[in-house]
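The values are calculated or read from the model by the stated rules, or taken from the named source; none is laboratory data. Keep in mind that what you see is a predicted model, and the values were worked out from it rather than measured. Note that each Cβ is placed from the backbone with ideal geometry, even for glycine, and that neighbours are counted across all protein chains shown. These accessible areas exclude ligands, DNA and RNA; they are computed on the full protein's heavy atoms, side chains included. Shrake-Rupley method; radii C 1.70, N 1.55, O 1.52, S 1.80 Å.
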Amino acid sequence: MKNKKRLIFAAMLSMTLVATACSNGTGSETNAPSQSNTPDKEETIVLTINPSTWSIPTNDDNEIQKYVEEKYNVKIVNMRATDENFKVKVSAGEIPDIFPHNISEGDMVNYARQGVIASISVDEIKQYMPIYTADVEAVDPNAWDIGFYDGKNWGVPRVWLNGSYGFIPTYNGAWLKAIGYNEAPKTLEEYEDVVYKFRNNDPDRNGQKDTYAFTTRGTGNQQFNEIYAAYGVNPYQFMLADDGTVTWGGLSEQAKEALKLLQKWYKDGVLDPEFLTDNNDTITQKWNNKKIGILDHNMYHHLFNQIETNKANGIEPVYGKGLIGPAGKSLAMSNGALQVPLLFGAQVEKDEKKRIKILQILEDLVSSDDAYLKTAFGLEGVSYELKDGAAEALEPYKSNNDKVLELGYGGYYNPLVERSLSMWKYHFSPAKLEFRETLNEGIETISDLLGPTPLEAKSKYSATLNPLQDEYYVKAIIGTDHIDKTFEEFKQNWLKSGGKELLEEATKVYQERLTAK
């Protein structure tokens, strides 16, 4: 009886083992696992994107798009809107999942009001983009401020890494030697001496009075950079007043004194009168043709890219620092690193899978070396090669942008190119890195106190205030009126035209940020 029970137990145990083996996929083919036990393949998500309005790939089957689609299991639809028609498309209801990188803070506010863009949790961004978040906060922990409006965050914060640096005054070395200088001027007084001698002392030794020290862009920001910086002000940026409130640089005493100096130079005939109509292209042309001997609108990366052109034109550039003037220290004008965040279409807010997928892709694009290199520089050995750790463009891609657009690399499929400290290394050869550090050593920068902060009053009044200031500043420089008198009139007009409301709102935002910290 006992033996019979043992046999029955053994048979039952054997059946249990067989069943277990079959359920684990180790039994016969007739007992293979059912379809319901097989993990479903991840659903392909369709992303409609328009991250750039000018670097738009030529075709939809380019190598980089295919790489991104295969790597992240997405289908990309290129919206292809340009600067001219993007807003028209949005008004017609064509809203991309990822918006262009050159959206202004005013556009961000308007799109938020209209329900066009998605609000997104800061905690969610930090959860799915930890490496990028650390990079951004290392550059400026205030980067999150720019995306906040109406109590919500409206995108992934972005920083322009080069924006942390200032504009570098650059001189024609041969001209400096011709007027008795062995190095770049260090003070505003020395600079003034150079300005007069570049105009009056025939620095190119051709026997004609046909040279000027410099010109600039006629109106708006980034004009006479080193002059205003020597006074410690940018006329087109917010700055802190002595009483702790926020004021506008263009209303300051520093700006007024700088205008007096520029008026004097214009009256004495040493300021190129064509500055009223000059732009970046004409300024560069005058430098290359040796009609001016000072550049004031370039940062280190522009100057590095000009090295070979300067050699070809027989120009030996001498790089200066910020001029020590009334501000008492070497200062350089800077755009600042903060930018309007990367925005997403309103539909992304309602689609959790798509939203998380986008964040995960963005994180990988700035933390995976392979993904970053492909999307930023293309195919190794084809469009670039790694040399001393930096990506160096190869011909024909180096000189033919049409080839770049054909391959599809750059800022379109990776809207965070040059926004990540982790990947910035690939943009610097040892020579360029040394150039950057040398030119910017010892320079403190001036940048906007608030950055591109969305302000209600800015949206309402900037179209009036900016032209008002442009007109006055030009008239002040080329006119003969006493600036002490006209400046006060301009200031009161600016305040009455919406400026007072703008400064009150700016002060409120600034003080709220201080309290939050």
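For segment 355-415 and segment 428-448, what is the separation of their C-alpha centers, rounded to whole Å?
Using only Cα atoms to place each centre, the spacing works out to 24 Å.
List every DSSP H helix in the chain whose Cα atoms extend 15 Å or more along the helix's own long axis and whose mean Kyte-Doolittle hydropathy is at least 0.0.
2-23
Principal axis lengths of segment 466-517 from Cα atoms, whole Å, largest first?
48, 19, 18
Please list, or write none, the lysines whose alpha carbon is within less than 17 Å of the alpha carbon of Lys286, excluding same-chain residues fewer than 8 places away.
Lys209, Lys311
Count neighbours as other Cβ atoms within 10 Å of each site's Cβ, and list the trypsin sites (Lys or Arg not before Pro) in segment 368-413 that are DSSP loop with at most 16 such neighbours.
Here the sparse-neighbourhood loop sites are Lys398.
Could you work out the relative contact order of segment 189-312, using alpha carbon pairs under 8 angstrom and six or more residues apart, expressed as a whole percent?
30
Give the accessible surface of segment 275-336 per residue, rounded to a whole number of Å², with probe radius 1.4 Å and ligands, DNA and RNA excluded.
Each residue of segment 275-336 exposes 44 Å² on average to a 1.4 Å probe.
Restricting to DSSP H runs of at least four residues, report the calculated mean residue ellipticity at 222 nm for the chain, -39500 (n - 2.57) per run over all residues, nearest 500 deg cm²/dmol.
The helix contribution divided over the chain gives -13000 deg cm²/dmol.
How large a share of the accessible area of the chain, in percent, is made up of carbon and sulfur atoms when the probe is 1.4 Å and the other protein chains stay in place?
Ligands and nucleic acids excluded, carbon and sulfur reach 51 percent.
Have a look at segment 115-246 and give its Rg and Dmax from the Cα atoms, expressed in angstrom.
When restricted to Cα atoms, segment 115-246 yields Rg and Dmax of 22.7, 68 Å.
So which lysines pass the test for Lys374, namely a Cα distance under 20 Å, with those fewer than 8 places away in the same chain ruled out?
Candidates past the 8-residue exclusion: Lys66, Lys71, Lys75, Lys357, Lys387, Lys398, Lys403, Lys425.
Work out, step by step, the length gained on full extension between Lys291 and Asp242: first 0.36 nm times the residue separation, then minus their alpha carbon distance; give nm to one decimal.
Computed gain between Lys291 and Asp242 is 13.5 nm.
If you place +1 on the Cβ of every Lys and Arg, -1 on the Cβ of every Asp and Glu, and leave all else neutral, what size is the dipole of segment 53-120 about its Cα centre, to the nearest 20 Debye?
Magnitude of the dipole: close to 180 debye.
Once you have the Cα-Cα distance between Thr48 and Arg205, take 0.36 nm times their residue separation minus that, and quote the gain in nm to one decimal.
Computed gain between Thr48 and Arg205 is 50.6 nm.
Once the dipole of the chain is set up with Lys and Arg at +1 and Asp and Glu at -1 on Cβ about the Cα centre, which of Ile483, Gly115, Ser104 lies farthest towards its positive end?
Result: Gly115.
Compactness ratio of the chain: Cα Rg over 2.2 N^0.38 Å, N = residue count?
1.26
What fraction of the DSSP beta bridges in the chain is antiparallel, stated in percent and rounded to the nearest 5?
If I count the DSSP bridges inside the chain, around 60 percent turn out antiparallel.
Have a look at Pro317, Val74, Ile95 and report the one farthest towards the positive end of the charge dipole of the chain, computed about the Cα centre with Cβ charges (Lys/Arg +1, Asp/Glu -1).
In the chain, that residue is Val74.
Positive end of the charge dipole of segment 286-351 (Lys, Arg +1 and Asp, Glu -1 on Cβ, about the Cα centre): tell me which of Phe304, Gly328, Leu343 has its Cα farthest that way.
Positive-end residue among those listed: Gly328.
What length, rounded to one decimal in nm, is gained on full extension from Glu504 through to Lys89, with 0.36 nm per residue of separation minus their alpha-carbon distance?
Using 0.36 nm per residue and subtracting the Cα-Cα distance, I get 145.9 nm.
Return the lysines within reach of Lys496: Cα separation strictly under 22 angstrom, same-chain partners fewer than 8 residues apart disregarded; answer none if there are no such residues.
Within the straight-line limit of under 22 Å, Lys496 reaches these lysines: Lys256, Lys458, Lys460, Lys475, Lys485, Lys508.
Using the crude model of +1 on Lys and Arg Cβ and -1 on Asp and Glu Cβ, and no other charge, please compute the dipole size for the chain relative to its Cα centre, in debye to 20.
For the chain, the charge dipole is close to 1260 debye.
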